[in-house]
Amino acid sequence: MSLFVLSKPEKSGFFCIMENNKTISGNDAIRRARNLKYVPGASFVLIHLTCNLKTKKYGEVSKTEHCRVRPALKEDTFQLDGDLYFTYEDMDTGEPKMCFKRLMRYIAFPPDYELLKIDWFND
């Protein structure tokens, strides 16, 4: 797995330095994550920024090691359009989770789980 360094500069937001510069488009990242449901036991790693509109907490980095895409559940009450969200399951805890698609920053797929930077601007 690639070296991942996270730091918080004073005036700008978070930035990440990786030893590789491999990127993936946002649409390709979501497509590949969805296709993993056809591979038994396969999971992906997801790193995203948090944004909780209810508690007004945002900007923290969340890393989930074993994720699997899930369909939106009835309990999910979206304050905004449901297409803005990426829903997944933490396979370690079985807990359903979601994040804003545009806040997804890195993703890693099997077999090597090398982190790929998600580029939302070149879709």
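Each value in this text was obtained by applying a stated rule to the coordinates, not by laboratory testing. Please read these numbers as outputs of a predicted model, since none were measured by experiment. So basically every Cβ, Gly included, is an ideal-geometry build from the backbone, and we count neighbours across all protein chains shown.
Of note:
- FRET efficiency for S25 and H66, using Cβ-Cβ distance with R0 set to 22 Å, rounded to 0.05: 0.40
- Sparse-neighbourhood loop sites, chymotrypsin sites (Phe, Trp or Tyr not before Pro) in the range 26-106 - DSSP loop, at most 16 other Cβ within 10 angstrom: F78
- Loop-located trypsin sites (Lys or Arg not before Pro) in the range 19-58 (DSSP state not H, G, I, E or B) with no more than 15 neighbouring Cβ atoms inside 10 Å: K22, K54, K56.
- In this label model, R34 and D81 are separated by 1.6 nm, measuring between points 7 Å along each Cα→Cβ vector.
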